[in-house]
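**Q** Below is one structure. I have some questions about it.
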Amino acid sequence: MAVQPIPKNKIVYPESDGKPMADNTKQLETIVYLYDNLCALFADREDVFVAADLLWYPVEGRPDIRTAPDVMVAFGRPKGHRDSYKQWEEGGIAPQVMFEVLSPGNRPSELIEKFGFYERYGVEEYYIYDPDRGILEGWLRSDGHFSPVREMEGWVSPRLGVRFTLEGGELVLYRPDGERFVPYVELRRRLEQAQWVAEQAQREAEQERQRALEALQRAERLAQRLRELGIDPDQVS
């Protein structure tokens, strides 16, 4: 008896591959560093979607064809929460930029498999960083295939516009305006400082408004008192 194909609307696309986001704190810190700063970089762009550890399904009807990049950026796609990135629901747009942050548990076969996956399914830029060895590598799509970036030090991503450097073996990226990517703690500190400045300005504005109101009330009381004495307030200089 012929096996009936599963209707497309009945196919299950798992939301997790069962693997942890990171194997150690150093790997996690780097993933968060990239994700947070890329989100901040494109905060004003509604057509740029940034994700971390999100399953990407490039082929409809094939839940077995999938991968979960450490960080990915998709241009031409709106922001918003997703259970996974199903490419056929995203206008057929493949994420253009991928980052993988290595841990000691990564096997060479895994890296080869991901390299082939990204190359096959249309990724434009692929970057690998090994925080334990301080090694940074990159590839750029050319004529349908990945070509290695010969010199990553000072390399500027065509899509992201960010500049890559290694400082003491640590990955550091710079925004197009030259500002350095900063860790989450620093981003949080800056946000809290900006909020404090805004709240302080609001308090000062409220105090000034209150002082003006009190001055007006004093003037009105004085005018009323003058009227009671038979004096026209408008005639008093």
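**Q** By how many nm would the segment from D64 to Q224 grow when fully extended, if each residue of separation counts as 0.36 nm and the alpha-carbon distance is taken off?
**A** Values: separation 160, 0.36 × 160 = 57.60 nm, distance 8.42 nm.
Length gained between D64 and Q224: 49.2 nm.
**Q** In nm, to one decimal, how far is the modelled label at R133 from the one at I112, with both set 7 Å along Cα→Cβ?
**A** 1.6
**Q** Then there is this: Tell me, what is the percent relative contact order of the chain, built from C-alpha pairs under 8 Å that lie six or more residues apart? Walk me through the numbers before you get to the answer.
**A** Numbers: 306 pairs, mean separation 28.8, N = 237.
Averaging sequence separation for qualifying contacts and normalising by length gives 12 percent for the chain.
**Q** For the chain, report the % of Cα-Cα distances exceeding 32 Å.
**A** On the way: 10918 of 27966 pairs.
Across the chain, Cα pairs with separations above 32 Å total 39 percent.
**Q** FRET efficiency for R209 and D232, Cβ-Cβ distance as r, R0 = 41 Å, nearest 0.05? The partial results should precede the final answer.
**A** Values: r = 30 Å, r/R0 = 0.73.
Given R0 = 41 Å and the Cβ-Cβ separation, E is 0.85.
**Q** If DNA, RNA and ligands are ignored and the probe is 1.4 Å, what is the ranking of I11, I135 by accessible area, most exposed first?
**A** Values: I11 35, I135 65 Å².
In descending accessible area the options line up as I135, I11.
**Q** Would you compute, from DSSP H runs of 4+ residues alone, the mean residue ellipticity of the chain at 222 nm, taking -39500 (n - 2.57) per run and dividing by the full residue count, rounded to the nearest 500? Walk me through the numbers before you get to the answer.
**A** Working: 3 runs with 75 residues, N = 237.
Mean residue ellipticity at 222 nm (helix-derived): -11000 deg cm²/dmol.
**Q** Still on this structure, I have one more. Over the chain, what percent of the accessible surface lies on carbon and sulfur atoms, probe 1.4 Å? Each step should come with its number before you reach the end.
**A** Numbers: 7540 of 14640 Å².
In the chain, the share of accessible area belonging to carbon and sulfur is 52 percent.
**Q** Under a GNM of the chain (C-alpha, springs under 10 Å), which listed residue has the highest mean-square fluctuation: A40, A212, A94?
**A** A212
**Q** List the trypsin sites (Lys or Arg not before Pro) within segment 127-168 that fall in a DSSP loop (any state other than H, G, I, E or B) and whose Cβ has at most 10 other Cβ atoms within 10 Å.
**A** Values: sites: R133, R141, R150, R159, R163; in loops: R133, R150, R159.
Of the trypsin sites (Lys or Arg not before Pro), the ones in loops of segment 127-168 whose Cβ has at most 10 other Cβ atoms within 10 Å are R133, R150.
**Q** Next question, about the same structure. Rounded to the nearest 0.05, what FRET efficiency do W196 and D44 have when you use their Cβ-Cβ distance and R0 = 25 Å? Working shown, then result.
**A** Details: r = 23 Å, r/R0 = 0.90.
Plugging the Cβ-Cβ distance into 1/(1 + (r/R0)^6) gives 0.65.
**Q** Between E179 and Q217, with labels modelled 7 Å along Cα→Cβ, what's the label distance in nm to one decimal, could you check?
**A** 4.2
The values are calculated or read from the model by the stated rules, or taken from the named source; none is laboratory data. Since the model is a prediction, treat every value here as computed from it, not as a measurement. FYI the Cβ positions are ideal-geometry reconstructions off the backbone, even for glycines, and counts take in every protein chain you see. Note: accessible area is taken over every heavy atom of the protein model, side chains too, but ligands, DNA and RNA are not part of it. Shrake-Rupley method; radii C 1.70, N 1.55, O 1.52, S 1.80 Å.
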